[in-house]
Protein chains: 2
Amino acid sequence: MTEVTEPAIETVTIDVVLSALADPVRLTFVRALDAAGDWTCGSDVLRETGVTIGKSTLSHHIKVLRDAGLIRTRVDGIRRLVTLRYDEVEQRFPGLLAMLREHGPARARGISSPYTSG
Amino acid sequence: MTEVTEPAIETVTIDVVLSALADPVRLTFVRALDAAGDWTCGSDVLRETGVTIGKSTLSHHIKVLRDAGLIRTRVDGIRRLVTLRYDEVEQRFPGLLAMLREHGPARARGISSPYTSG
DNA sequence: CGAACCGTACGACGCAAATCGAACATTGGA
DNA sequence: TCCAATGTTCGATTTGCGTCGTACGGTTCG
């Protein structure tokens, strides 16, 4: 039983989405996934963004984002890949992802090229 | 010194806005102000929405919303009136208020007419 | 001036959430 | 089969935040 499920997009409420995005780690994570554009390893996102948290904490945050309907998890061999649910989120909350994209990190520290180091 | 100031809209970050809206009381409050459409007494909003919190707690929430750049406070005699910063918020976060408006309360309990009892 | 009212400021409390560490499950490779 | 790597789950800890009660400030009215 290695399947990972996420809620149907119609059942996603804005309350839960706002709570999910209200955490700095998760907000950074979502923005990184948005910049990546496709399936990405969560641990890699951590390194590229410079966020230092334990792996159990990362697992927790990913679960929160998944339960909030924002991301999807796929099993790929030994690791788990995650991706933003672009179309569905855009369908239910038009402009939300664009808003996060335009309003980048509060303080753009010297990030040369976004998430292409690996 | 009874003036109440709010941050310039250009200095408002989405992080702070998301955190402000992530609380159920504040989200209800913002939606109520949106429905009201103009200057409203915070205590009245509480009664009309059925939210029961102490006045110090209300004061705290209003301050959070004001610091987040979402609302503005005006002194009116013995009381304080608040209002949504429609145009400015719309200018900086296009579609945000509309999103809150369309995605109404998670559970629409028997609310007959919105905020016109007083 | 004094009383009543509205809101703020401050300290304290409690709970929910974030975090960590350890144990366990799963997969891939030697 | 054994071991290394990845990620989840669980329990415990800590931190942050919502909440309240009280005290204080400002305003209106008598």
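The values are calculated or read from the model by the stated rules, or taken from the named source; none is laboratory data. Model, not experiment: these values are computed from the prediction. As a convention, Cβ positions derive from the backbone with ideal geometry for all residues, glycine included, and neighbour counts pool all protein chains shown. Side chains are part of the model used for accessible areas, which takes the heavy atoms of the whole protein and leaves out ligands, DNA and RNA. Shrake-Rupley method; radii C 1.70, N 1.55, O 1.52, S 1.80 Å.
Out of curiosity, is A:Val89 β-branched (Val, Ile, Thr), out of contact with any strand residue (DSSP E or B) (no Cβ under 7 Å at 6 or more places or on another chain) and within 12 Å of DNA strand C (Cβ to nearest atom)?
Answer is no for this residue.
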Select from the range B:9-25 the residues that are touching a helix residue (DSSP H, G or I) at 6+ places or on another chain (Cβ under 9 Å) and more than 10 Å from every other protein chain (Cβ to nearest Cβ) and list them in ascending order. B:Ile9, B:Glu10, B:Val25
When (1) over 29 Å from A:Arg26 (Cα atoms); (2) crowded, with 16+ Cβ neighbours inside 10 Å are applied to B:Thr28, the one that fails is (1)
What helices (runs of 4 or more DSSP H) lie completely within the range A:1-109 and have 1 or more residues being under 24 Å from B:Ile9 (Cα atoms) and of a type outside the set (Gly, Ala, Ser)? A:14-21, A:24-36, A:96-102
B:Val12 vs (1) crowded, with 20+ Cβ neighbours inside 10 Å; (2) more than 14 Å from DNA strand C (Cβ to nearest atom); (3) within 10 Å of the chain's Cα centre (by Cα); (4) β-branched (Val, Ile, Thr): all pass except (3)
Hey, A:Glu3 away from chain B (no Cβ under 12 Å) and either of a type in the set (A, V, I, L, M, F, W, C) or open to solvent by 50 Å² or more (accessible area, probe 1.4 Å) (or both) or not: yes
Scan the range A:37-61 residue by residue and report those that are away from DNA strand D (no atom under 12 Å from the Cβ) and open to solvent by 40 Å² or more (accessible area, probe 1.4 Å). A:Gly37, A:Asp38, A:Glu48, A:Gly50, A:Thr52
Could you list all residues from the range A:73-95 that are facing another protein chain (nearest Cβ under 9 Å) and buried (at least 19 other Cβ atoms within 10 Å of the Cβ)? A:Arg92, A:Phe93
